[in-house]
Amino acid sequence: MSIVTVQLGQCGNQIGHEVFNTICSDVRDTHGLCSKKENESYRDASKERFFCEEQSEVPVARAVLIDMEPKVISQTLSLAARSGYWKYDDGSHFSQKQGSGNNWANGYSVHGPRHKEVIMDLVQKEAEKCDRLAGFFTIMSMAGGTGSGLGAFVTQCLRDAFPTSFLLNHVIWPYSTGEVIVQNYNSVLTLSHLYKSADALLVHENDVVHKICAQLMNIKQISFKDINQVIAHQLGSVFQPTYTAEGGLHYSRNPLGDLMETLVPHPEFKMLGLRNIPQMPENSLAYSTFSWPGLIKHLRQMLIANAKMEEGIDWQVQPPRLGSSIPSSHSTNKPLHFNTSIANLVILRGKDMHSVDLGSFQDPSLYTSWLNPKDAFHSWKTLRAFNKYEKSASLVSNSQFLLKPLDNVVGKAWNMFASKAYIHQYTKFGIEEEDFLDSFTALEQVISSYSSL
Amino acid sequence: MTQSVVVQVGQCGNQVGCRFWDLALREHANVNKKGIYDEALSSFFRNVDTRSGGDGPDIYKGKICSLKARALLIDMEEGVVNEILQGPLRDVFDSKQLITDVSGSGNNWAVGHKLYGSQYRENIVEKLRKAAEHCECLQCFFIIHSMGGGTGSGLGTFVLKLLEDEFPEVYRFVTSVYPSGEDDVITSPYNSVLAMKELNEHADCVLPIENESLFDIVNKIHQMANSGKLGSTVKQNSLITSSAGSAKTAQEKPFDAMNNILANLLLNLTSSARFEGSLNMDLNEITMNLVPFPRLHYLVSSLTPLYTLADVNVPSRRLDQMFSDAFSRDHQLIQADPKHSLYLACALLVRGNVQVSDLRRNIERLKPSLHFVSWNQEGWKTGLCSVPPVGHSHSLLALANNTCVKPTFIELKDRFMKLYKKKAHLHHYLHVDGMEQSCFSEAISSLSDLIEEYNELDATKGGPRTDPSRLKIVV
């Protein structure tokens with residue numbers, strides 16, 4: 001089954017390009033550290049998922065590129081074509097002359113309705129190229145105007161036009177020290193709207209990825225390209241083919257559906273965080289060896305202590321011992337910084353993954369009491385190594401990972417809203433104070449729900 | 001890609017404008033080696049086929065034939081415009097873009113605004129329409145003028161109002177040169193305050209400039225370039241005040257160095273809209289992020305570095321110095337000290353070989369020493385453009401919506417009141433048709449209100465922070 005990627009705005013297009021790059025280069029890599037047959041099987045599954053190989057010599061990415069101004073898309077298209085290994089479909093993009101001006105209302109209320117037909121036409125065409133449609137993956141930032149506003153509108157349209165398809169939004173959170181002054185307004189409006197239409201939101205925070213680049217990848221002068229490459233690696237580690245069932249004979253064909261089924265049992269809880277280890281500069285890979293027990297131990301502690309990467313993990317944080325407190329969803333006996341999960345998914349790629357013991361992730365004390373721990377935890381595996389990492393483990397988690405960041409964004413936005421600053425810029429395009437209040441209410445609800453886990 | 005049209009009004013406006021077009025051509029020539037008319041060029045220039053003699057049709061692609069500036073040159077005296085048309089830039093303009101008269105406005109805002117305004121209204125509208133028609137997607141009008149005289153101030157603000165009426169969807173950025181205390185035009189306070197009312201009501205964004213600041217910067221550079229420090233040779237074409245490498249070959253006039261600074265300001269402001277980068281910052285993003293309330297649209301600007309030394313290696317210390325300088329008092333283009341006043345918002349547009357980590361590092365480093373209003377503690381808008389300005393490997397434009405503009409406005413008000421109390425020179429204004437005493441009282445009232453808004457914000461500075469309580473959800 002195939003995934004159609006929708007790249008929205010400057011951020012969405014820049015990241016989308018890196019994602020296809022990473023996937024393509026991973027697939028071309030013959031050092032899969034597994035049998036030839038396995039490698040071919042992986043390659044075929046990956047290609048079906050992300051590329052179309054009709055009459056063209058190089059694989060064509062299954063993507064629709066959307067932006068309200070032309071510079072980024074034209075750059076993205078030419079960079080891809082220049083690689084010689086893959087490209088975008090020449091017709092599968094839409095841009096205008098003038099951007100959204102970081103104005104969510106402009107993206108949502110003006111550009112959205114105005115260009116709905118053309119955009120949905122392009123999406124329809126890509127969907128039809130798929131033998132079987134696995135669903136949609138949209139990439140956008142929530143700080144700007146196009147990715148955020150137009151992205152929210154397009155997501156709604158996708159939901160209306162394809163009511164039974166899976167819809168995953170990949171959302172980039174801006175630097176908390178400020179990239180766009182109205183970023184918190186745009187974020188609140190985006191998140192509240194996406195929550196209504198999408199199946200889940202997979203989040204990457206610029207601050208976190210920046211730290212990974214600085215401390216793990218040892219990059220001195222970090223550019224957005226560096227940041228986007230780390231994000232692409234993490235996404236690839238989730239979406240490249242895996243076996244989802246024990247003793248499965250072929251690569252799973254429904255990645256988005258499987259993801260939703262394992263991680264989103266309740267529509268009130270849709271925020272997914274992503275962690276991947278190990279991460280290191282490419283030239284260090286040759287000198288490093290990893291052990292599965294070590295990787296699993298670190299990944300589990302990253303989950304429990306809400307650590308963003310494998311350095312600086314707080315090993316003191318432990319889940320509460322079962323039986324020592326009255327089990328209740330409003331239990332106040334859990335240590336405050338312990339990260340409670342609803343559901344987790346661990347993805348293992350590399351040799352000897354059969355031998356890995358994931359029992360520590362099935363510990364009931366990690367989870368809320370609603371789901372059977374057996375159902376709250378899943379693992380996907382493949383022997384085939386990913387992106388030159390001999391062993392790699394990823395965690396996609398529906399937990400309190402994003403509670404604090406979300407609370408911060410809402411708090412700052414509320415603070416600004418109380419002073420009414422910048423509101424005239426939004427009402428100019430049809431988003432009124434009422435709409436803001438609705439969004440705030442919706443997000444306070446999400447915060448409250450995750451807090452009381 | 002969008003287009004912008006420059007409307008230069010009066011002596012100051014046209015002299016600055018002239019430097020702008022010259023340096024714009026220089027910048028594009030530096031980047032565009034193949035002579036192809038590209039989207040970046042189209043933002044300020046038309047490509048015209050002049051082989052058939054007259055004004056041929058616009059050519060949208062392919063080789064550059066003849067570049068024409070998207071501009072309107074307006075002056076009620078002929079001297080300055082004539083000089084431009086006889087100079088090396090004569091082919092960049094055509095006669096249809098000019099509106100001139102003979103006798104000037106006599107440093108009288110009323111003459112410029114009321115008399116010439118009504119007289120030339122239709123002519124101006126027609127020429128503006130023509131300029132707009134040549135644009136595929138017109139985004140912005142840039143007005144360049146001074147506040148103290150008669151034409152730039154009066155007719156310039158008349159055009160501003162006209163633009164709002166005729167092209168309400170197009171942004172209006174105004175670069176206004178404010179008179180200094182020692183201005184030799186006695187009535188400059190009247191002209192400036194009358195013009196301020198128009199700026200308050202009809203401009204989207206105003207970049208106030210003071211000659212004193214430009215003068216100080218020019219002197220500073222002069223001293224640096226002539227200090228003869230061993231091993232530090234300044235790259236001539238990197239000077240923010242220099243015309244080196246441009247079309248201008250004649251003797252540099254005294255205001256040229258100062259006007260080049262303004263030209264560079266406009267080039268840097270529009271660089272991210274014209275050229276690519278990893279984090280684009282378009283003109284509509286500037287108005288969106290830097291104007292929290294409609295009337296508070298005055299932005300203090302600073303450009304760094306003022307020059308680049310000839311040595312190639314730039315350690316990150318020097319890069320950080322560039323950021324520090326942007327906030328220092330002597331790099332601002334008006335007499336103001338943003339560091340000790342209150343920031344409502346701040347934009348940083350970086351050009352050249354600078355990455356996001358450099359930007360983040362410096363924001364974190366400088367933030368503790370700056371005061372931001374309580375509801376905008378992280379009030380930063382950032383942009384990264386890959387193409388540096390001519391002669392530099394990197395540069396920074398900082399735009400601040402900061403209460404430090406208040407002293408400039410207060411001083412203006414004081415100078416106005418000194419004259420107004422005595423009714424000095426008032427008759428020159430009042431006998432112009434359409435001009436009444438109420439124009440004056442409304443103007444000073446508008447300015448007072450604006451000052452009061454800044455006062456109220458200043459009062460919140462350093463006070464205790466009480467965040468408003470959040471919405472409560474019923475569980």
For this session: Those residues that are assigned to a helix (DSSP H, G or I), surrounded by 19 or more Cβ atoms within 10 Å (Cβ to Cβ) and either in contact with a strand residue (DSSP E or B) (Cβ under 7 Å, 6 or more places away or on another chain) or at the interface with chain A (Cβ under 7 Å from one of its Cβ atoms) (or both), I need them from segment B:357-385; list them, please.
Result: B:357, B:358, B:359, B:360, B:363, B:375, B:376
For this session: Output yes when any residue across segment A:176-185 is assigned to a helix (DSSP H, G or I) and in contact with a Ser or Thr (Cβ under 7 Å, 6 or more places away or on another chain), and no when none is.
Result: no
For this session: Kindly list the number of the only condition in (1) under 22 Å from the mean Cα position of the chain (by Cα); (2) buried (at least 18 other Cβ atoms within 10 Å of the Cβ); (3) in a loop (DSSP other than H, G, I, E, B); (4) of a type outside the set (S, T, N, Q) that fails for residue A:268.
Result: (2)
For this session: Looking only at segment A:243-251, decide whether some residue is within 14 Å of chain B (Cβ to nearest Cβ) and either assigned to a helix (DSSP H, G or I) or not β-branched (Val, Ile, Thr) (or both).
Result: no
For this session: Could you tell me which numbered condition residue A:390 fails, if it satisfies all but one of (1) of a type outside the set (Lys, Arg); (2) within 10 Å of chain B (Cβ to nearest Cβ); (3) surrounded by fewer than 22 Cβ atoms within 10 Å (Cβ to Cβ); (4) touching a residue at least 24 places away in the same chain (Cβ under 8 Å)?
Result: (2)
Exercise. Going through segment B:341-367 one residue at a time, which ones are under 25 Å from residue B:293 (Cα atoms) and of a type outside the set (Phe, Trp, Tyr)?
Worked result: B:341, B:342, B:344, B:345, B:346, B:347, B:348, B:349, B:363, B:367
For this session: Restrict the check to segment B:38-47 and report whether at least one residue is touching a Phe, Trp or Tyr at 6+ places or on another chain (Cβ under 6 Å), at pLDDT 90 or above and closer than 30 Å to residue B:109 by Cβ.
Result: no
Exercise. Do we have any residue at all in segment A:69-79 that's in contact with a strand residue (DSSP E or B) (Cβ under 8 Å, 6 or more places away or on another chain), crowded, with 18+ Cβ neighbours inside 10 Å and under 25 Å from residue A:251 (Cβ atoms)?
Worked result: no
For this session: Mind listing just one residue for me: the one in segment A:224-242 that is touching a His at 6+ places or on another chain (Cβ under 8 Å) and away from every other protein chain (no Cβ under 14 Å) and, of those, farthest from residue A:50 (Cα to Cα)?
Result: A:234
Exercise. Considering only helices (runs of 4 or more DSSP H) fully contained in segment A:342-453, which possess at least 1 residues that are more than 18 Å from residue A:186 (Cβ to Cβ)?
Worked result: A:373-376, A:403-418, A:433-451
Seminar exercise, completed: When segment A:412-423 is checked residue by residue, the ones that are facing chain B (nearest Cβ under 8 Å), of a type in the set (A, V, I, L, M, F, W, C) and either within 14 Å of residue A:444 (Cβ to Cβ) or crowded, with 18+ Cβ neighbours inside 10 Å (or both) are A:414, A:416, A:421
Problem set entry | Single unsatisfied condition, residue B:427 versus (1) assigned to a helix (DSSP H, G or I); (2) at pLDDT 95 or above | (2)
Exercise. Are any of the residues in segment B:439-453 within 14 Å of chain A (Cβ to nearest Cβ) and under 30 Å from residue A:437 (Cα atoms)?
Worked result: yes
Exercise. From B:467, B:458, B:414, B:433, which residue is within 14 Å of chain A (Cβ to nearest Cβ) and either within 30 Å of residue A:407 (Cβ to Cβ) or out of contact with any Pro (no Cβ under 7 Å at 6 or more places or on another chain) (or both)?
Worked result: B:467
Seminar exercise, completed: Within segment A:186-205, residues in a loop (DSSP other than H, G, I, E, B) and under 26 Å from residue B:280 (Cβ atoms) come out as none
Problem set entry | Hits in segment A:27-80 - residues which are touching a residue at least 24 places away in the same chain (Cβ under 8 Å), closer than 30 Å to residue B:1 by Cβ and in a helix (DSSP H, G or I) | A:70, A:72, A:73, A:76, A:79, A:80
For this session: Search segment B:144-181 for residues being closer than 17 Å to residue B:2 by Cβ and aliphatic (A, V, I, L, M), and hand back the single one that is surrounded by the most Cβ atoms within 10 Å (Cβ to Cβ).
Result: B:163
Seminar exercise, completed: Across (1) within 30 Å of residue B:43 (Cβ to Cβ); (2) more than 14 Å from chain B (Cβ to nearest Cβ); (3) under 23 Å from the mean Cα position of the chain (by Cα), residue A:26 clears everything bar (1)
Exercise. Is one or more of the residues making up segment A:424-435 surrounded by 14 or more Cβ atoms within 10 Å (Cβ to Cβ), within 12 Å of residue A:104 (Cβ to Cβ), away from chain B (no Cβ under 11 Å) and under 30 Å from the mean Cα position of the chain (by Cα)?
Worked result: yes
For this session: Being of a type in the set (Val, Ile, Thr), farther than 30 Å from residue A:280 by Cβ and more than 9 Å from chain B (Cβ to nearest Cβ) narrows it down to one of A:396, A:409, so name that one.
Result: A:409
Seminar exercise, completed: Scanning segment A:106-147 residue by residue, those in contact with a His (Cβ under 9 Å, 6 or more places away or on another chain), part of a helix (DSSP H, G or I) and either within 14 Å of chain B (Cβ to nearest Cβ) or buried (at least 24 other Cβ atoms within 10 Å of the Cβ) (or both) turn out to be A:108, A:146
For this session: Would you check if residue B:106 is surrounded by fewer than 21 Cβ atoms within 10 Å (Cβ to Cβ), at positive phi and modelled with pLDDT under 95?
Result: yes
For this session: Give me the pairs, please: first residue somewhere in segment B:244-272 and under 15 Å from residue B:397 (Cα atoms), second residue anywhere and in a loop (DSSP other than H, G, I, E, B) and at pLDDT 90 or above, beta-carbon distance under 6 Å, and either six or more positions apart or on two chains.
Result: B:272/B:280; B:272/B:281
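The values are calculated or read from the model by the stated rules, or taken from the named source; none is laboratory data. A quick note: this is a predicted structure, and the numbers were derived from the prediction, not measured. Reconstructed Cβ throughout: ideal geometry from the backbone, glycine too, with neighbour counts over all protein chains shown.
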